Amino acid sequence: MTVNYKTLFLLNSSVITNEGIFSYKIINEEQAHLIYNNNKNNTINAIGHQAMIDIASRVLNVKLNTQRLKVKMNKGDGALVFKLSERLPITKELKINEFDISSLEIGLIVRIS
């Protein structure tokens with residue numbers, strides 16, 4: 001997976017950001033790391049939750065900071081999505097030291113047209 005995207009976004013939700021045709025694929029940590037490394041000079045971090053930033057930083061082996069941004073993907077853009085495979089109870093806050101990596105889903109969104 002050595003694809004270069006015009007822009008690679010880092011997200012904590014698999015959302016369709018605007019009108020267009022998109023693909024979504026579940027990937028593993030190694031694939032996410034390769035995609036990030038191939039696109040790190042054109043990556044925009046839009047992860048706004050500290051726990052997910054800590055997790056994404058660990059997976060990508062890079063120091064990231066929280067940054068809440070509105071994302072609009074254009075044709076040729078991609079996004080790495082880091083999200084929990086199950087929702088936490090409303091009263092539960094995710095803490096990185098309690099996190100089980102098996103509950104992480106990493107996805108790749110690509111805007112096709």
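Taking T66 as the residue in question, decide whether it is β-branched (V, I, T), at pLDDT 90 or above, under 24 Å from S113 (Cβ atoms) and in contact with a helix residue (DSSP H, G or I) (Cβ under 9 Å, 6 or more places away or on another chain).
On the way: β-branched (V, I, T): yes; at pLDDT 90 or above: yes; under 24 Å from S113 (Cβ atoms): no; in contact with a helix residue (DSSP H, G or I) (Cβ under 9 Å, 6 or more places away or on another chain): yes.
No: the conditions fail for T66.
Mind checking which residues of region 45-55 are in contact with a helix residue (DSSP H, G or I) (Cβ under 9 Å, 6 or more places away or on another chain) and either within 16 Å of V3 (Cα to Cα) or modelled with pLDDT under 95 (or both)? If you could, list the steps in order and put the result at the bottom.
Step one: of region 45-55, the residues in contact with a helix residue (DSSP H, G or I) (Cβ under 9 Å, 6 or more places away or on another chain) are 45, 47, 50-51, 54-55.
Correct list: Q50, A51, D54, I55.
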In region 5-18, what residues are modelled with pLDDT of 95 or more and of a type outside the set (V, I, T)?
Y5, K6, L8, F9, L10, L11
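How many of the residues making up region 38-68 are of a type in the set (S, T, N, Q) and surrounded by 13 or more Cβ atoms within 10 Å (Cβ to Cβ)? Let's see the steps before the verdict.
Step one: of region 38-68, the residues of a type in the set (S, T, N, Q) are 38-39, 41-43, 45, 50, 57, 61, 65-67.
Subsequent filtering for residues that are surrounded by 13 or more Cβ atoms within 10 Å (Cβ to Cβ) retains 38-39, 42-43, 45, 50, 57, 66.
Total satisfying the criteria: 8.
To keep it simple, each residue is scored yes or no on (1) touching a residue at least 40 places away in the same chain (Cβ under 8 Å); (2) under 18 Å from S103 (Cβ atoms); (3) among the hydroxyl-bearing types (S, T, Y).
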position: Y5; (1), (2), (3): yes, no, yes
position: L8; (1), (2), (3): yes, no, no
position: N42; (1), (2), (3): no, no, no
position: I47; (1), (2), (3): no, yes, no
position: D54; (1), (2), (3): yes, yes, no
position: L64; (1), (2), (3): yes, no, no
Would you check which residues across region 1-56 are within 14 Å of F82 (Cβ to Cβ), out of contact with any Leu (no Cβ under 6 Å at 6 or more places or on another chain), of a type in the set (V, I, T) and not in a helix (DSSP H, G or I) and list them?
V15, I26
Residue hits (region 32-44; within 14 Å of Y5 (Cβ to Cβ) and either of a type outside the set (D, E, K, R) or touching a Pro at 6+ places or on another chain (Cβ under 7 Å) (or both)) are A32, L34, I35, Y36, N37, N38, N39, N41, N42, T43, I44
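Collect the residues in region 69-84 that are modelled with pLDDT under 95 and either surrounded by 14 or more Cβ atoms within 10 Å (Cβ to Cβ) or within 18 Å of I27 (Cβ to Cβ) (or both), keeping them in residue-number order.
Filtering region 69-84 for residues modelled with pLDDT under 95 gives 69-70, 83-84.
Once the filter is applied, which keeps residues that are modelled with pLDDT under 95 and either surrounded by 14 or more Cβ atoms within 10 Å (Cβ to Cβ) or within 18 Å of I27 (Cβ to Cβ) (or both), region 69-84 yields K83, L84.
Being among the aliphatic types (A, V, I, L, M) and closer than 18 Å to I112 by Cα is the filter here, so list the residues in region 28-49 that pass it. Break it down into steps so the answer makes sense when it comes.
Filtering region 28-49 for residues among the aliphatic types (A, V, I, L, M) gives 32, 34-35, 44, 46-47.
I35, the sole residue that qualifies.
The values are calculated or read from the model by the stated rules, or taken from the named source; none is laboratory data. On a predicted model such as this, the values are computed, not experimentally measured, just so you know. Note that each Cβ is placed from the backbone with ideal geometry, even for glycine, and that neighbours are counted across all protein chains shown.
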